[in-house]
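Asker: One structure, as structure tokens, below. Some questions next.
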Amino acid sequence: MERVAITPLRDWQSAAEELGFDWHTAEAPGGGPQPYWDESAYWQLSAAEVDDIEAATAELHAMCLDAVAHIIAEKEFTPFGLTPAQAGLVAASWARREDEDLSLYGRFDLAIPGNGDIKMLEYNADTPTGLYEAAVMQWQWLQTVFPDRDQFNSLHEALVARFQEIRLRWQARGVPMESERREELNTLHLIAADIPEDRGTIAYLAEVALEAGFRAKTLAADRVGWAETGAPVTRGSGVTGWFVDTEDQPIAGLFKLQPWEWLLADDFGEKLLALTDAGIVRVIEPAWKMLLSNKAILPVLWRLNPGHALLCEAHADRHAFKRPLRVVAKPKLGREGANVSIADLDAAGEITGAPLDHVDGPYGQEGYIYQEAVPLAQATTARGPVHAVIGSWIVGDESRGIGIRESNTLITGNTSRFVPHCFTP
Amino acid sequence: MKKSKIRKSRYVASVLRGAGVVILALPIAACDPGQQAATEQPATEQKVGEQDVKIYSSIEACASDADPAACEAARNQAITEHREKAPRYTNAEQCRTENKECEEVRTSSGGSYFMPMMMGFMMGRMLGGGGYGFGSRPVYTDSQGYANTTDRRLGMPATPSAGGTTTVRAPVTAGGDIGTRTATVSRGGFGSSSARFGAAS
């Protein structure tokens with residue numbers, strides 16, 4: 001794959017806003033505006049490279065599912081920091097994974113340094129973003145700028161098809177809630193923090209859900225209500241109410257853009273756990289995804305598939321590498337590159353010298369894992385070298401497209417730029 | 001392999017325009033054909049039966065079923081409850097989120113607030129918590145089309161208004177109450193999640 005610099009010919013800001021993409025510009029680390037969507041360059045891939053990425057992503061997803069099955073069978077929940085009740089929810093959700101706990105999507109972050117290697121950096125399996133940019137904005141760019149080329153991107157139709165599957169599965173199962181209101185069976189409530197990027201992402205997913213036959217309602221997560229009835233709403237559940245939206249409509253199908261661990265730690269967390277356990281609320285992503293979005297999965301993958309070509313060596317204990325090595329320390333529940341650092345280890349597993357890169361942030365109390373550092377896709381630009389991470393999307397269980405994030409630093413963060421791609425068949 | 005251009009441009013044209021998606025608290029008028037009108041109730045109250053409840057929009061409508069003087073007394077009693085117990089909203093938008101029709105009420109101090117507009121009043125023997133007195137209550141239509149009293153949901157009107165009378169088949173509880181008690185709602189329990197470190201990954 002190759003990075004090609006071009007002069008953006010079109011008024012892309014207006015094109016973006018026309019599509020409702022109003023978070024195209026981010027704040028630079030030192031303050032001031034910095035484009036988040038960046039079409040002053042694109043990445044050119046070959047059809048063979050696209051085939052390799054597609055195959056690698058599908059294989060990694062299958063490995064991840066095997067790892068989840070292993071963790072649940074062996075009850076290896078300790079590294080994931082789950083309470084017994086949360087572990088029970090995860091196991092119950094996994095048992096329903098082919099039924100009402102179908103997964104919608106996830107995004108692998110891949111390092112593709114250009115020597116033929118493809119390495120998994122992590123799996124954003126619970127709350128991946130950058131979806132709208134990849135599915136719509138990038139596609140629209142291709143149609144406008146390179147209408148004769150192709151793009152690894154069938155995300156939108158894959159999402160519609162998967163939402164349809166989920167809807168039919170939910171409807172077939174019904175809702176055990178003895179509410180007098182039945183219209184919730186076909187309604188999907190989508191919640192997120194009230195910030196532009198997350199609002200934009202659920203607005204897009206609401207459109208997709210609508211196309212798949214759901215009634216779709218979006219609301220800020222802090223507007224979700226709890227309707228207390230004072231008595232169990234289903235026999236034996238011990239649940240004495242349900243979640244409602246701002247019209248007091250009960251929430252039966254919930255898409256959340258906040259990580260499971262945040263919601264469970266919140267004031268409504270125990271209620272969410274009880275409602276999900278009782279099958280009164282179905283959640284996208286389902287609870288079993290908590291195991292894959294937690295970076296504690298990385299050492300498990302390595303242990304189950306030692307030396308696998310698609311994996312980076314990873315351990316919970318940095319002394320386990322047993323050789324001098326450059327490693328990346330990642331907080332288990334970190335996001336957007338926060339609290340990630342890169343350092344060199346000596347043969348005894350001790351850190352030598354200053355970190356090569358480090359990003360501050362609010363994570364880390366939950367513990368870290370250590371992963372062998374691998375080179376990313378790189379390119380030289382007029383502004384210096386850039387590093388690119390390939391976000392490779394899984395919809396359902398299929399590999400359906402990519403989106404590329406670039407940064408000037410080694411660690412890809414919240415303000416890394418989204419750069420479109422294309423390939424020539 | 002599914003990586004060719006199989007997406008049609010109509011998708012891109014429609015996204016994020018919000019057509020059809022219900023954003024936050026906007027009321028919806030959609031009514032799916034498969035949906036059933038409400039007949040069930042929460043397990044908090046034991047339902048013992050159902051009763052057709054007539055809702056009169058005027059004394060004249062009521063007078064075809066009952067004594068005009070009783071109708072007038074019933075309407076007055078409903079209006080009193082309406083003034084005392086109907087929900088109040090600081091602005092029209094809030095009120096219309098929950099109710100089909102709203103009215104502005106001016107206060108003597110020069111301010112104003114909004115209340116749902118009465119679609120009519122109901123009267124009957126079993127009203128008023130199991131007693132056999134002759135009671136009457138104000139009735140409202142919410143934004144989803146259900147008929148409600150100030151604290152109970154009656155159900156979806158089964159017949160359109162004819163001559164100013166609408167009929168709703170409503171559940172009757174063991175305690176003699178008609179309709180389903182509306183649950184108490186609290187909000188903000190996912191507030192910390194929203195206030196955390198911003199974007200998802």
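The values are calculated or read from the model by the stated rules, or taken from the named source; none is laboratory data. All figures in this text were calculated on a predicted structure; none of them were measured in a lab. Note that we place each Cβ from the backbone using ideal geometry, even for glycine, and neighbour counts take in every protein chain shown. When the accessible area is computed, the model is the full protein with side chains, heavy atoms only, and any ligands, DNA or RNA have been set aside. Shrake-Rupley method; radii C 1.70, N 1.55, O 1.52, S 1.80 Å.
Asker: At 222 nm, what value in deg cm²/dmol follows for chain A if DSSP H runs of at least 4 each add -39500 (n - 2.57) and the sum is divided by all its residues, to the nearest 500?
Answerer: Theoretical 222 nm ellipticity from helices: -8500 deg cm²/dmol.
Asker: Greater than 26 Å separation of Cα atoms is the criterion. Which listed pairs, A:K295/A:K322; A:K75/A:K217; A:K256/A:K295; A:K75/A:K295, meet it?
Answerer: Over 26 Å Cα-Cα: A:K75/A:K217.
Asker: Then there is this: Per residue of A:193-200, count partner chain C-beta atoms within 10 Å of its C-beta, then hand back the mean as an integer.
Answerer: Partner-chain Cβ atoms within 10 Å, mean over residues of A:193-200: 3.
Asker: Something else: How compact and how long is the range A:185-230, expressed as Rg and Dmax of its alpha-carbon atoms in Å?
Answerer: Rg then Dmax for the range A:185-230, in Å: 12.0, 38.
Asker: A further question follows. Lys and Arg at +1, Asp and Glu at -1: add these up for the other residues within a Cβ distance under 13 Å of A:G353 and post the number.
Answerer: Surrounding charge for A:G353 is -3.
Asker: When the Kirkwood hydrodynamic radius is evaluated over all pairs of different C-alpha atoms of the range A:39-85, what value in angstrom, to one decimal, is obtained?
Answerer: So the Kirkwood estimate lands at 13.8 Å.
Asker: Still on this model: Roughly how much of A:E49 is accessible, in Å² to the nearest 10, using a 1.4 Å probe?
Answerer: Accessible surface of A:E49 is approximately 60 Å².
Asker: Connecting C-alpha atoms closer than 10 Å in a GNM of chain A, tell me which of A:K75, A:K119, A:K330 has the biggest fluctuation.
Answerer: A:K75
Asker: A further question on this structure: Compute the long axis of helix A:84-95 from its Cα atoms, compare it with the longest principal axis of the Cα atoms of chain A, and write down the angle in degrees, 0 to 90, nearest 10.
Answerer: Its long axis makes an angle of about 90 degrees.
Asker: Report A:H315's accessible area, 1.4 Å probe, all protein chains in place, as a number in Å² to the nearest 10.
Answerer: Accessible area of A:H315: about 40 Å².
Asker: For chain A, take the longest principal axis of its alpha carbons; what is the angle in degrees between that and the long axis of helix A:196-211, to the nearest 10 within 0 to 90?
Answerer: The two axes meet at around 60 degrees.
Asker: Can you figure out the FRET efficiency of A:D66 with B:R187, using R₀ = 41 Å and their beta-carbon distance, to the nearest 0.05?
Answerer: Once the sixth-power term is evaluated, E becomes 0.50.
Asker: Quote the FRET efficiency, to the nearest 0.05, computed for A:T7 versus A:A348 with a Förster distance R0 of 45 Å and r equal to the Cβ-Cβ distance.
Answerer: With a Förster radius of 45 Å, E is 0.30.
Asker: Among residues other than B:M119 whose Cβ falls under 15 Å from its Cβ, what is the net charge (Lys/Arg +1, Asp/Glu -1)?
Answerer: Once all neighbours under 15 Å are counted, the net charge is +2.
Asker: Convex hull volume of the Cα atoms in the range A:79-121, per residue, in Å³?
Answerer: Convex hull of Cα atoms, per residue: 115 Å³.
Asker: Continuing with the same structure: Counting Lys and Arg as +1 and Asp and Glu as -1, each charge on the Cβ, what is the dipole of the range A:318-425 about the Cα centre in debye, to the nearest 20?
Answerer: The dipole of the range A:318-425 has a size of about 120 debye.
Asker: Along the charge dipole of the range A:198-294, Cβ charges K/R +1 and D/E -1, which of A:A278, A:T229, A:F255 sits furthest on the positive end?
Answerer: The residue sitting farthest along the positive end of the dipole is A:A278.
Asker: To continue, here is another question. What percent of all Cα-Cα pairs in the range A:1-137 falls in each 10 Å bin, counting up from 0?
Answerer: With a bin width of 10 Å, the distribution comes to 9, 27, 30, 22, 12, 1.
Asker: Averaged across the residues of A:214-223, what count of C-beta atoms belonging to other chains lies within 10 Å of each residue's C-beta?
Answerer: Rounded to a whole number, the mean comes out at 6.
Asker: Could you rank the peptides A:261-269, A:302-310 by their average count of other C-beta atoms within 10 Å per residue, with the highest value first?
Answerer: Peptide ranking by packing, descending: A:261-269, A:302-310.
Asker: Students sometimes get this wrong: rank A:I71, A:I195 by accessible area, probe 1.4 Å, all chains present, largest first.
Answerer: A:I195, A:I71
Asker: Moving on to the next point. Give me Rg over Rh for chain A, both radii from the alpha carbons and Rh done the Kirkwood way, two decimal places.
Answerer: Over the Cα atoms of chain A, Rg/Rh equals 0.97.
Asker: Quick one: angle between helix A:47-74 and the longest Cα principal axis of chain A, in degrees between 0 and 90, rounded to 10, please.
Answerer: Tilt of helix A:47-74: around 50 degrees.
Asker: May I have the extent of the alpha carbons of the range A:226-340 along their three principal axes, as whole Å values ordered from largest to smallest?
Answerer: For the range A:226-340, the Cα spread along each principal axis is 61, 27, 22 Å.
Asker: From the protein chains alone at 1.4 Å, what is the descending order of accessible area for A:V300, A:V359, largest first?
Answerer: The most accessible residue leads, giving A:V359, A:V300.
Asker: Rg to Rh for the range A:255-399: what is it, with Cα atoms only and Rh by Kirkwood?
Answerer: Using Cα coordinates only, the ratio equals 1.03.
Asker: What is the mean number of Cβ atoms from other protein chains located within 10 Å of the Cβ atom of each residue in peptide A:104-116, rounded to a whole number?
Answerer: Mean partner-chain Cβ count within 10 Å for A:104-116: 0.
Asker: Give, as a single signed number, the net charge of other residues whose beta carbon lies under 12 Å from the beta carbon of A:Q164, with Lys and Arg counted +1 and Asp and Glu -1.
Answerer: That sum, taken over residues with Cβ under 12 Å, equals 0.
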